[in-house]
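Report on one structure; see the data block that follows.
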Amino acid sequence: MTGSAIAAHGLRKSYGDKTVLDGIDLNVPTGTVFSLLGPNGAGKTTAVKILSTLVRADAGDLHVAGHDLAHQARAARAKIGVTGQFSAVDGLITGEENMLLMADLHHLPRREGRRVAAELLERFDLVAAAKKPAATYSGGMKRRLDIAMTLVGSPRVIFLDEPTTGLDPRSRHTMWGIIRELVTGGVSVFLTTQYLEEADELADRIAVLNDGKIAAEGTAQELKRLVPGGHVRLRFTDPAAHRAAAAALPRAACDPEALTLQLPSDGSQRDLRALLDRLDLAGIEADELTVHTPDLDDVFFALTAHATGAPAPSDRPAPSKETVR
Ligand code: ADP
């Protein structure tokens, strides 16, 4: 399985008569970030627990860090780090003591343990807080300590289960920087997240889990191409210009009250130039032109709306837009 940090084929897991994972395939190339998305209860945490050897699968050919989980779970475990919802941080002892405890668990000689702990506390900006009980740390500091503790064992594959849930935007960005650094260091990351922006920002490949199956898999760009919804919107202040534009662009959806026109578009330069040429030819100038390309939210809602009862993309608040004047 060289080249794959994680390779799963036919992964199955049921609890009672509820099938949580219905024979899924996953492949995470070494040194990349893979993000598993899905609505609540889709089975993301179950997948993390199985692939990190905490829970046994019912079936599947599973390899992590080059080891077959059916026969070499212990060897795989030695190369795995898990952080997230089931954090290992003990709030009653200090950050430094948590780190040293981890070093002991990994059987590092005392001096080596102290060196590694000090280095990681420094790297994760926790030196000032190192002698304080972890219970006094902010959410962001606890997550940083959690990752630092995971790194004591020099894992090659790290599972991050919703690493930024509940963090403020600044701490979230700090965490993103940390995750990018891990990957630069050659670590492979399996990330679950509720924030589509996070997957878009960090993941090389994304899979959407729904109804026990992988509903779609690919790069963020590939997934965005799966859903329609790209369009250009023109806005006018002069009703006469709006009427003239509507006549020149008969394919456009026209809103006479808002004085707008909306046309399907892939947002490409060629498409926009053709539109601008037609407006120029008719001697019409729009007051505003906005381009909307589908975002990961559109993809997620389109693929999972059925299961969650979530609103369809068109019912959602307008996503961020890129404005060209
Ligand atoms: P997610 O992380 O995507 O929110 P989970 O993996 O936590 O989803 O849960 C998937 C489904 O499996 C849920 O319906 C949950 O209730 C069920 N489940 C998870 N763990 C157990 C368990 N130990 N026993 C019974 N059902 C479980």
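Below, the figures for the structure above:
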| quantity | calculated |
| --- | --- |
| Largest-first principal axis extents of the Cα set of region 231-292 (Å) | 28, 22, 19 |
| 0 to 90° range, to nearest 10: angle between helix 296-308 axis and the chain longest Cα axis | 80 degrees |
| Pairwise centroid distance, computed over Cα atoms, of region 166-224 with region 93-150, Å | 25 Å |
| Sites Arg115 and Leu272, calculated FRET efficiency, Cβ-Cβ separation with R0 56 Å, nearest 0.05 | 0.50 |
| Positive-end residue of Ile179, Val116, Thr164, charge dipole of region 102-207 with Cβ unit charges | Val116 |
| Volume per residue of the C-alpha convex hull in the chain, rounded to whole Å³ | 165 Å³ |
| Packing rank of 145-152, 221-228, where each peptide gets the mean count of other beta carbons within 10 Å, highest leading | 145-152, 221-228 |
| At R0 = 41 Å, FRET efficiency that the Cβ-Cβ distance of Ala247 and Thr219 yields, to 0.05 | 0.50 |
| Rounded to 10°, Cα long-axis angle of helix 110-123 versus longest principal axis of the chain | 20 degrees |
| Computed lengthening from Ala305 to Leu105, 0.36 nm per intervening residue step minus Cα-Cα distance | 67.6 nm |
| Label-point separation, Tyr15 to Asp255 (7 Å along Cα→Cβ), nm | 4.3 nm |
| Full-stretch length increase - Asn40, Val55 - with 0.36 nm per residue and alpha-carbon distance subtracted | 3.5 nm |
| HN-Hα J in Hz across region 31-39 - Karplus 6.51, -1.76, 1.60, θ = phi - 60°, x for Gly and Pro | x, 10, 9, 10, 10, 9, 10, x, x |
| Simple label model, 7 Å out from Cα along Cβ direction - Leu263 to Asp287, nm | 2.0 nm |
| Percent breakdown of C-alpha pair distances by 5 Å bin, ordered from the shortest bin, for region 149-220 | 4, 14, 25, 26, 17, 10, 4, 0 |
| Total lysine pairs whose alpha carbons fall under 20 Å of each other in the chain (8 or more apart, or interchain) | 13 |
| Distant-in-sequence amide H partners of Ala5 (H built 1.01 Å from N, under 5 Å) | Val28, Thr30 |
| Computed FRET value (nearest 0.05) for Lys131 with Arg180, which takes r as the C-beta separation and R₀ as 22 Å | 0.15 |
| Calculated from backbone phi, Karplus (6.51, -1.76, 1.60) coupling profile of region 190-197 in Hz, x at Gly/Pro | 10, 10, 10, 7, 8, 9, 5, 4 |
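We did not get these values from a lab; they are worked out from the coordinates using the rules stated. Not measured: the values here are computed from a predicted model. Don't worry about glycine lacking a Cβ; one is built from the backbone with ideal geometry, like all the others, and counts go over all protein chains shown.
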